[in-house]
1. Give the Rg (one decimal place) followed by the Dmax (whole number) of the stretch 266-316, computed from C-alpha coordinates and expressed in Å.
2. Hey, could you grab the Kirkwood Rh for the stretch 72-111? Inverse mean 1/r over distinct alpha carbon pairs, Å, one decimal.
3. With both bridge residues required to lie in the chain, what share of the DSSP beta bridges run antiparallel, to the nearest 5%?
4. Which residue, Lys320, Lys359, Lys165, has the most motion in a Gaussian network model of the chain that connects Cα atoms within less than 10 Å?
5. Once the principal axes of the Cα atoms of the stretch 1-135 are found, what is the range along each, listed largest first in whole angstroms?
6. Can you give me the pair-distance distribution of the stretch 314-390, C-alpha pairs, 5 Å bins, whole percents?
7. Across the stretch 170-178, in residue order, what do the Karplus-derived ³J(HN,Hα) couplings come to in whole Hz, using 6.51 cos²θ - 1.76 cosθ + 1.60 with θ = phi - 60° and x for Gly and Pro?
8. Can you give me the accessible area per residue for the stretch 269-390, using a 1.4 Å probe, in Å²?
Amino acid sequence: MSYPNQKGYFGEFGGKFIPETLSFCLKELENSYRKIKKDKSFKKEFKSLLAQYAGRPTPLYYARSLSNYLGMKVYIKREDLLHTGAHKINNALGQALLAKFMGKKRIIAETGAGQHGVATATAATLLGIKCEVYMGQEDMERQKANVFRMRILGAKVIPVKTGSKTLKDACNQAFRDWVTNVSGTYYLLGSAVGPHPYPKIVRDFQTVIGKEAKKQILQAEGKLPDYLVACVGGGSNAIGFFHPFYNQAKVKFIGVEAAGFGLGGLSAASLAKGSPGVFQGSKSYVLQDKNGQIKNAHSIAPGLDYPGVGPEHSFYKAIKRAEYEAVSDKQALEGFNLLSRLEGIIPALEPSHAIYYLKKLAKYGKGKTVILCLSGRGDKDLDIVRKYSK
């Protein structure tokens, strides 16, 4: 697949909509990434860190009880077993190594659920680079354990008190910081969003998920799966999972967004309820009003609480390569309990949306083989679940 093109477009989506002050650093980033991809020492170090530090490859687990319950063969790609508890460490290690290669002395990041913040703090500490993480004040309240983990790791966590005080506002503040500190600072973006080349960089570092899953399912079943299912906020776990299967047209992709209180109310379902627009540096589907103003998003899962989505997912929707569905807060809690009770695996609230969707898929997918990407573990969300379960 040749996407994105040289200007960073996936079809009509993507691009680089930025202030002039960011032009130099994005070009520097693009050139450095192009060089480092061919650097044997970088590839060797990155591969070693993924294996010996992060814990790759992750298992492809046959969920027998869940499969019997649903009437489908369900395999789970266990990204929750990685160091720091989620897929975010794949991208954080890759970009932190890139920052080191570029000679940057300071890393900044944004985080919603805290998993990207923890992964970035971990990678920065490992490589001896100063780290500061922007996090919405509301998300800091919802994810106190991850805030504490970042601080233990030596990162400075900066509360963002503007707007909805969630992920989109943390992203905005991180971009503002980068604009004023471009020379010595690296912005380690956590999802496949933002201006080119970030969607490509993040996707590339996350494709380890799909590459491993493809090899593992062929070993287990002797054939490719019928469906891949993953949650979608910004979309990094899903695009890393889907992309290596892109040319296998018989493998269907299903991305599951957050319907929040319902698609008729406050949600974070950009692909289901949004429209094409420009947001935080690229063109993609976004939640916006008739005047193009970005709407507030809501999800019980802090990592999905974002009013936009990556441009490659927007492209997949446009060409009908992927199907995107939406699951409410209440349904996500049901998915959380379903996996916990049937398989003894406590998932994060983000992939709990995808877990619940398997019940819908089972209505017409009996006997099919499905791989679910379990992007993170649920210890970070126990306080939220306890609150909603009262």
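1. Here Rg and the maximum Cα pair distance are 10.1, 28 Å.
2. On the way: mean 1/r = 0.0817 Å⁻¹.
Averaging 1/r across every pair of different Cα atoms and inverting gives 12.2 Å.
3. On the way: 15 of 50 bridges.
Here the share of antiparallel DSSP bridges comes out near 30 percent.
4. Lys320
5. 56, 39, 35
6. 3, 14, 23, 24, 17, 10, 7, 2, 0
7. These are the phi-based 3J(HN,Hα) values: 5, 4, 4, 5, 5, 5, 4, 4, 4 Hz.
8. Values: 4790 Å² over 122 residues.
Heavy-atom accessible area per residue stands at 39 Å².
The values are calculated or read from the model by the stated rules, or taken from the named source; none is laboratory data. The structure displayed is predicted, hence computed values, not measured ones. Methodologically, a virtual Cβ is constructed for each residue, glycine included, from the backbone with ideal geometry; neighbour enumeration extends over all protein chains shown. Side chains included, ligands, DNA and RNA excluded: accessible areas come from the protein's heavy atoms. Shrake-Rupley method; radii C 1.70, N 1.55, O 1.52, S 1.80 Å.
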